[in-house]
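The values are calculated or read from the model by the stated rules, or taken from the named source; none is laboratory data. Worth saying up front: this structure is predicted, and the values here are computed from it rather than measured. As a convention, Cβ positions derive from the backbone with ideal geometry for all residues, glycine included, and neighbour counts pool all protein chains shown. To get the accessible areas, we keep the full protein, side chains included, count just its heavy atoms, and leave off ligands, DNA and RNA. Shrake-Rupley method; radii C 1.70, N 1.55, O 1.52, S 1.80 Å.
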Amino acid sequence: MDMRAFLDELKRKQGYDGQIVHERFIPPRKARFAELRPPIPQQLKDALATRGITRLYRHQVEAIGAVRRGQHVVVVTATASGKTLCYNLPVLETLLSDPRSRALYLFPTKALAQDQADALAKFDVPGLACGTYDGDTPQEQRRRLRERAQIILTNPDMLHIGILPQHYKWATLFRHLRYVVIDDVHIYRGVFGSNVANIIRRLRRICRLHGANPIFICTSATIANPKEFAGALVGVPMTVVDVDGSPSGSRWFTLWNPPIIDEARAHRRSAYSEATGIFTELIRRAVRTIAFTQARKITELVYRYARLDLESTHPDLAARISPYRAGYLPEERRTIERRLFHGDLLGVVSTSALELGIDVGGLDAAVLVGFPGTIASTWQRAGRAGRGTDEALVVLIALEDALDQYLMRNPDYLFERPVEHAVIDPENPYILAGHLRCAAAEVPLVEQDAELFGASLPEVAKILEEHGDLVTRLGRWYWAKRSYPANEVEVRSVSGNTFRIVEGVRGRLVGTVDGARAFEQVHPGAIYLHQGEPYQVERLDLDQRTATVMPSDADYYTQPRSTTDLEILEALKQRPWGPTTAYFGEVEVTTQVIAFARKRLFSDEVLSEEPLDLPEERLQTTALWFPIPQGLDDEVRRRGLDLAGGIHAVEHAAIGILPLFAMCDRWDLGGVSYPMYPDLSAAAIFIYEGHPGGVGITEKGFGLLDDLMAATLAAIEACPCEAGCPSCIQSPKCGNMNEPLDKAAAILLLRGLLGRESAAAKSSAQVGTATAPPYAPRRRLHRRRP
């Protein structure tokens, strides 16, 4: 389809009101080939020829050559650039010459592992024994895979809980392990990545025990620091291959900003309604389309809107779209994947679950409902459309938050700025402690293991010994309990407690939700969406970790309301910042979901609010914070502005902008502001990480505080609303329902903090400059049980 003509047609449709604020044509890219010397075996050449591949791209040749030389490699090229051949070819080449060799493939999802198992089968190598080993693998197949498989395809979760603790059963694999492939390493950032980094260190330790020293082959989407990041993840020096030789078709990239429907509040038409309209227009034209959303609930909402729309005009097409997200049962996910690959589905609405390289066939268009949080993820999702050299369309639809609106007004930031740095912290004491427990149960720990796990190993091990988890004998730390420590470490979530969602009538398992989100998503009375169908939560059993739901015909959705309190444990860093002092340190955050609101679909009208009685949740993490100087506090009050609303607004807007400076999502962050914080004897703003111990996000924000707050001020001042709106100071995750907020006070505060205030305000602020407060830390985070 002519994508340019489609965009022009959209502009002529009724309801178009200037939503397209920027169009960027990305020209096609020609292929660059190279010759591999010596060439791959003829058998592999023939297998590639049957797939139409007769030459290798430059990056494929460079990667295979590095692997042949024994180097650890990270390949950083675009989506659909043939990265899988960078590891499949050297692995299969080795297996043909030495069938006893073994390879371990790690993928972030089960679906990717299954997809790559199918890709390996297409090489038709006689006698090749490979298979997926995950939670869905039948018991009768597991022993056969352990004993015979030359290539095991799994995920970090299964390596952590089902392979490393049973390493003696896997002696054949570990004794002959030549290669470890880690696909899509850019996914392994933050808490998930810090856990995976420790799992890899445990893997290397077990390999040494069995006499193996495998080569690591990693692949990644484009990130700013692949050498540093992959090296930190694996723990060994990496060779970077990042000159992409693959071709790409032309692409139209469009920024779409929903029109303002309330001038005073700068309230915009729903991005989800806009996404539904674009998605269904593409489906009606038989354009194979993927729509990416930010959350499970939004995936279900957009799918439901689209299905209702198509049922009224093209009923035959309504059956050819589907939602896709985590939480579905394995057979449901794989059915959707097959239908998409074979063309039975024309469109799919997905969370990030389909952002990765699962082969779903050729797609023509990608609709991104909201900025994904990072530039790297934006290009990864955009790359799902336009496989091969065909023209593609990408539409990024802005949400009503500060970050999305900032990009709508500053498109060059998206198209010209380098992608972000990926961050992990394997030595986070909470994360490290869990993996040291696991490592000790696998093989007793010794101080020399600090080479793998970091210099803090002895200190953390001694704390674990104090708590009775480890015991020392002859200079070694042994696991001291009968339990299975890997069961206590949740690799992907913070809480480690998964709640089951069960339909009350038939007892059918509908889905799952992480414990950290359970109180917000499946509290009593909540509307839970599954494949577009609404269910109402009838009961939440905290002991059994089960939410019982019933089918519902509700025409509303629910939003939780919560309270947050924060206690400073210790300031680790501090520095003068304008008229105040900025801090980075350890805090304890207490939250409680206290109520929920019912909101009408499409209009977001609040229908009612009901109280809830749920327990408090506590989180020890890291934060950045700063007190408001007394003079600036006085100036806000003198002008008749709301100090509480001003600091609340600054907190919201800064959290929305911080992902531009650190590779994270705004949902990784929380905030709280106080008109008077006792320990500081002043009003104060806190931004904290939503993960135990933190993973470096707020520390980076602390270091870039001037840039962060300058961008925050620019986003608020540029917004055309009068008193604050979702595009500047309102937050979709605010537990106080965005009350109170004061845009004018926020601008005054930020200008004062950045030294841009008026002369009168400046004189007043200088009278009460904030300095380091005389408070003492109440307790040290790292001395508590990790």
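The aspartates and glutamates whose alpha-carbon is closer than 12 Å to the alpha-carbon of residue 45, local same-chain residues fewer than 8 away aside, are 93, 124. Between residue 117 and residue 98, the modelled labels are 2.6 nm apart [label points 7 Å from Cα along Cα→Cβ]. Place a point 7 Å from Cα of residue 448 in the direction of its Cβ. Which residues in the stretch 214-250 have their backbone N less than 18 Å from it? Flagged as within label range: 214.
Label positions at residue 319 and residue 565, each projected 7 Å from the Cα along the C-beta direction, are separated by 5.7 nm.
Each of 241, 754, 629 was placed along the dipole of the chain (beta-carbon charges, centred on the mean Cα), and the one lying farthest toward the positive end is 241. Over the stretch 1-65, accessible surface divided per residue gives 63 Å², non-protein components excluded, 1.4 Å probe. Estimated from the Cβ-Cβ distance and a Förster radius of 25 angstrom, the FRET efficiency linking residue 505 and residue 604 is about 0.25. Counting only Cα atoms, the stretch 448-533 measures 59, 26, 19 Å along its principal axes, largest extent leading.
With a Förster radius of 60 Å, plug the Cβ-Cβ distance of residue 213 and residue 264 into 1/(1 + (r/R0)^6) and report the FRET value to the nearest 0.05.
Efficiency for this residue pair is about 0.35.
Among the protein heavy atoms of the stretch 438-499, carbon and sulfur supply 47% of the accessible surface, probe 1.4 Å, non-protein parts ignored. Radius of gyration (Cα atoms) of the stretch 320-409, expressed as a multiple of 2.2 N^0.38 Å: 1.14.
Taking every DSSP beta bridge that has both ends in the chain, the antiparallel portion is near 60%. Electrostatic tally near residue 219: other residues with Cβ closer than 10 Å to its Cβ, Lys and Arg +1, Asp and Glu -1, net -1. Using a cut-off of 23 Å between Cα atoms, the listed pairs 83/110; 11/297; 83/227; 169/481; 297/743; 30/227 include 11/297; 297/743; 30/227 as exceeding that distance. A 1.4 Å probe run over the protein chains yields, for the stretch 686-749, 30 Å² of accessible area per residue, whole-number rounding.
If I compute solvent accessible area with a 1.4 Å probe over the protein chains, what percent of it on the stretch 21-130 is carbon and sulfur?
Working: 2550 of 4970 Å².
That share works out to 51 percent.
The stretch 214-281 and the stretch 411-486 have Cα centres spaced 31 Å apart. The calculated FRET efficiency for the pair residue 9 and residue 128, based on their C-beta separation and a Förster distance of 51 Å, comes to about 0.55. One decimal place: the segment residue 168-residue 286 gains 37.2 nm when fully extended, by the rule 0.36 nm per residue minus the C-alpha distance.
Treating each Cα of the stretch 599-680 as an identical point scatterer and summing with the Debye formula, the log10 of I(q)/I(0) at q = 0.21 Å⁻¹ comes to -1.12.
Solvent exposure of the stretch 308-394 amounts to 32 Å² per residue of accessible area, where only protein heavy atoms count and the probe is 1.4 Å.
Considering Cα pairs under 8 angstrom that are at least six residues apart, work out the relative contact order of the chain and quote it in whole percent. Computed over the chain, the figure is 12 percent.
Taking 0.36 nm per intervening residue step and subtracting the Cα-Cα distance, what contour gain separates residue 143 from residue 476 on full extension? Working shown, then result.
Numbers: separation 333, 0.36 × 333 = 119.88 nm, distance 3.19 nm.
Separation in residues times 0.36 nm, less the Cα-Cα distance, equals 116.7 nm.
Its Cα centre serving as origin, the stretch 184-230 has a Cβ charge dipole (Lys and Arg +1, Asp and Glu -1) of approximately 260 debye.
Between residue 572 and residue 332, the contour length at 0.36 nm per residue exceeds the Cα-Cα span by 81.6 nm.
Among the helices of the chain, those built from whole DSSP H runs whose Cα atoms reach 18 Å or more along their own axis and whose mean Kyte-Doolittle hydropathy is at least -1.0 are 84-97, 190-209, 271-284, 296-313, 429-442, 643-657, 705-718. When the accessible area of the stretch 597-696 is computed with all protein chains present and a 1.4 Å probe, what percentage of it is carbon and sulfur? Exposed carbon and sulfur together represent 50 percent of the surface.
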